[in-house]
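To keep things clear, I will list the structure first and then write my remarks on it.
The values are calculated or read from the model by the stated rules, or taken from the named source; none is laboratory data. Computed from a prediction, not measured in an experiment: that's the story for all the values here. Virtual Cβ from ideal backbone geometry, glycine too; neighbours counted across all protein chains shown. Accessible surface areas use protein heavy atoms only, side chains included; no ligands, DNA or RNA. Shrake-Rupley method; radii C 1.70, N 1.55, O 1.52, S 1.80 Å.
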Amino acid sequence: MGRVSVVVPAFDEADLLPSCLQALLGQDYPGEIEILVVDNASTDHTARVAREHGVRVIHEPRRGYCNALRRGFGAAAGEIVACTDADSLVPADWISSIVREYDRDSNLVALGGEIDYWDSTWKSRLFTRVIIPLVNRIDRANPKGPHLWGANLSVRRSAFIAAGGWNPKFSLQADSELSERMRRFGRVAVLESLRVRTSARRWNRALLVNAFIFASNFIWYHLFRGPLYREFPAVRGARGRPPRARPRGRRPRHVIAATAASVAVLAGIVGYDALAPRSDAFGRTYWCGPTRGKVVALTFDDGPNEPYTSRILDILERERVRATFFMIGSNVRRYPRTAARAVREGHVIGNHSDSHPVGFALESVAELRKELDAAEESIHAAAGVYPRFFRPPQGLRSPWLMSLLRRDSLVAVTWNDAPGDWNHVPASALVARTLAQVHPGSIILLHDGMNLTHGADQTATVQALPEIIRRLRALGYRFCTVPELLRDRSFLVRWPAAAVPGPAKGSATGASALRRTL
């Protein structure tokens, strides 16, 4: 690999820029490194500091993060172009690690890494150490590829140019928007060992305001494919020290803080209603059965996934247990015989969308309709049944999703006993967690697959299942399917293909239309 260019956008960063540049100048990469600091209309000595460190300075008079990125990437000459922030510290092997990954995989077009915060205060630790890692975990589960962080991002220059470069409509969310376009030209990846330390001054200074901007802009982007806000408010000063004077005419800080707190509380309530398995805020959701008897329902998500789904079916047959499988349409098309076997052996199949997209419930109604209909048609083609029950991917619900389910007479089912087998935990832990949460009427969440990952290793779940069944039986529990638990005898209807009416334009599929008449 030849020359590598590093772009550092900088606005009034004279205090923190020296540490950033020293880290970049101390790289162990043996090849040529081009460092470009984009002075983005600074009012301090940012440009002079950069020149004193012997790096190239480019002036961008139009304020804005994306303007600076566009100017810097346009001037970069390296085969690989990376960027970090002026308040960030990259490790000594940052560039060599990036180059090694591109050399290893010719299909890799964009690579990012993790972000650590080096000066978090007690106020910001919840956000930087809990919320952001949780967002990352959900995002990394997306089979299409992750979204990269601008403070730790690199691209293959040829693919970047082919993708159209930075979108001038975005500053906030510019890195996410670029990540999605780059996927069309190759693989976008995150290297978890590639860690950049950056300042938490933004979250230290105004946690509620910035957290709300971050969250609402993220949701807005995924709903409407555009930015809600142009930029974060500029926060400068080493370690997040606030300016001493407040510009005349601005609202007092306590008014801003109170407004932000109110909005944050509202956002928290809405977020809880969307994510909590036990919430009925957007529509009736079943997370347990209406019974005091010792009866539970085993449910399995994300299949079929071989050989693990068949191994689970073997165990259930041996133990004479009936379960409910929430299957992904795409996986059913890959393993139709497995879906057919599940129905043949007395199990229930539920709809779990067609492709299990991250943020499924936030998609448009038209996209939700396509996902629901494609999955149920695939299930019917393979197993001869149409599902009555639906489990939202990640358990996420929205008002328009619940309205669509209601119109289609689909029943939303979540859970109240989740041992967490989507993480790599041993079988013994899955057994212990399941028993710790169980109570009469529990709906137990397990996984025979993992999103669309072909051959996803669910060995721990397979190993834990016999012991879960044995231990629950020892406690006096019986097993049933979700419709039996909910006392719903209309859960499944077998229809000959000729009886299913064709869909009208702009309406539900024939299966949905017929189901609503029953």
key: Per-selection Kirkwood Rh - the range 157-215 (Cα, Å, 1 d.p.)   = 13.9 Å
request  = Using the 2.2 N^0.38 Å rule of thumb for compact globular proteins, work out how the range 361-470 stacks up: its C-alpha Rg over that value, please.
outcome  = 1.22
ask   = Quick one: net charge of HIS53's neighbours, Cβ under 15 Å, K/R +1, D/E -1?
value = -2
key: Radius of gyration, Dmax [the range 84-195; alpha carbons; angstrom]   = 14.3, 44
task = Using a Förster distance of 41 angstrom, determine the FRET efficiency expected from the C-beta separation of LYS370 and SER193, and round it to 0.05.
result = 0.60
inquiry  = Could you tell me the extents of the range 1-82's C-alpha atoms along the three principal axes, largest first, rounded to whole Å?
reply    = 36, 24, 15
Rh by Kirkwood over Cα pairs, then Stokes-Einstein D for the range 353-413 at 0.692 mPa s and 37 °C, µm²/s = 283 µm²/s
ask   = FRET efficiency for SER158 and SER216, Cβ-Cβ distance as r, R0 = 41 Å, nearest 0.05?
value = 0.70
ask   = What list of whole percents do you get for P(r) of the range 304-437, with Cα-Cα distances grouped in 5 Å bins up to the one holding the largest distance?
value = 2, 10, 18, 21, 20, 16, 9, 3, 0
message = Can you bin every Cα-Cα distance in the range 59-120 into 10 Å intervals starting at zero and give me the percent of pairs per bin, rounded to whole numbers?
response = 15, 43, 34, 7
message = At 7 Å along Cα-to-Cβ for each site, give me the label-to-label distance between ARG473 and ASP44 in nm.
response = 6.9 nm
inquiry  = Please report the spacing between the Cα centers of the range 2-62 and the range 180-206 in Å, no decimals.
reply    = 19 Å
task = Please calculate the 1.4 Å probe accessible area of GLU306, with all protein chains present, and give it to the nearest 10 Å².
result = 40 Å²
ask   = How big is the Cα convex hull of the range 418-471 in projection, averaged over all directions, in nm²?
value = 3.7 nm²
task = With a 10 Å radius around each residue's Cβ, average the other Cβ atoms per peptide and rank 459-466, 283-290, 153-160, highest first.
result = 153-160, 459-466, 283-290
Rg to Rh, two decimals, where the range 40-91 supplies the alpha carbon set and Rh follows Kirkwood = 0.94
inquiry  = Show me the ranking of peptides 471-480, 441-450, 64-73, 395-404 by mean Cβ neighbours inside 10 Å, starting with the highest.
reply    = 441-450, 64-73, 395-404, 471-480
request  = Please work out the Cα convex hull volume for the range 1-144 and give it in Å³ per residue.
outcome  = 131 Å³
inquiry  = If I model a spin label at GLU32 and ASP105 as a point 7 Å from the Cα along the Cα→Cβ vector, what separation in nanometres do I get?
reply    = 2.8 nm
task = Given the peptides 428-434, 128-134, arrange them by the average over their residues of other C-beta atoms within 10 Å, most packed first.
result = 428-434, 128-134
